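Colleague: For reference, the structure I am asking about is given below.
Any read-out appearing in this document is the output of simple, stated calculations on the displayed coordinates, not a laboratory observation. Owing to the predicted nature of the structure, the values given are computational and were not obtained by experimental measurement. Cβ sites come from the backbone with ideal geometry, for glycine too, and all protein chains shown count toward neighbours.
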Amino acid sequence: MKYSQATDYALHAMFYLVATAPDNPLSVQQLAEKLGVSQT
C-alpha cells in the first residue's frame, strides 16, 4: 500500500503517543523532536 509522507509521519506520531504513558502529555515541539520531523 502506498501513502503520503504526511500519512507516514502521522502514523509514527500516533504509535509513539500510544506507546508512551497517557499520563505523559507531549507538546507538538517535543513530539517533533522525538520523531525528527518539522513542527509544521
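Colleague: Once you place label points 7 Å from the Cα toward the Cβ at Gln5 and Leu26, how far apart are they in nm?
Modeller: Using points 7 Å along Cα→Cβ, the separation is 2.0 nm.
Colleague: Kirkwood Rh over alpha-carbon pairs of the chain, then Stokes-Einstein at 4 °C and 1.567 mPa s: what D in µm² s⁻¹, rounded to an integer?
Modeller: On the way: Rh = 10.8 Å.
Approximately 120 µm²/s, per Stokes-Einstein.
Colleague: What 222 nm value per residue comes from the helices of the chain, counting each DSSP H run with n ≥ 4 as -39,500 (n - 2.57) and dividing by all residues, nearest 500 deg cm²/dmol?
Modeller: -17500 deg cm²/dmol
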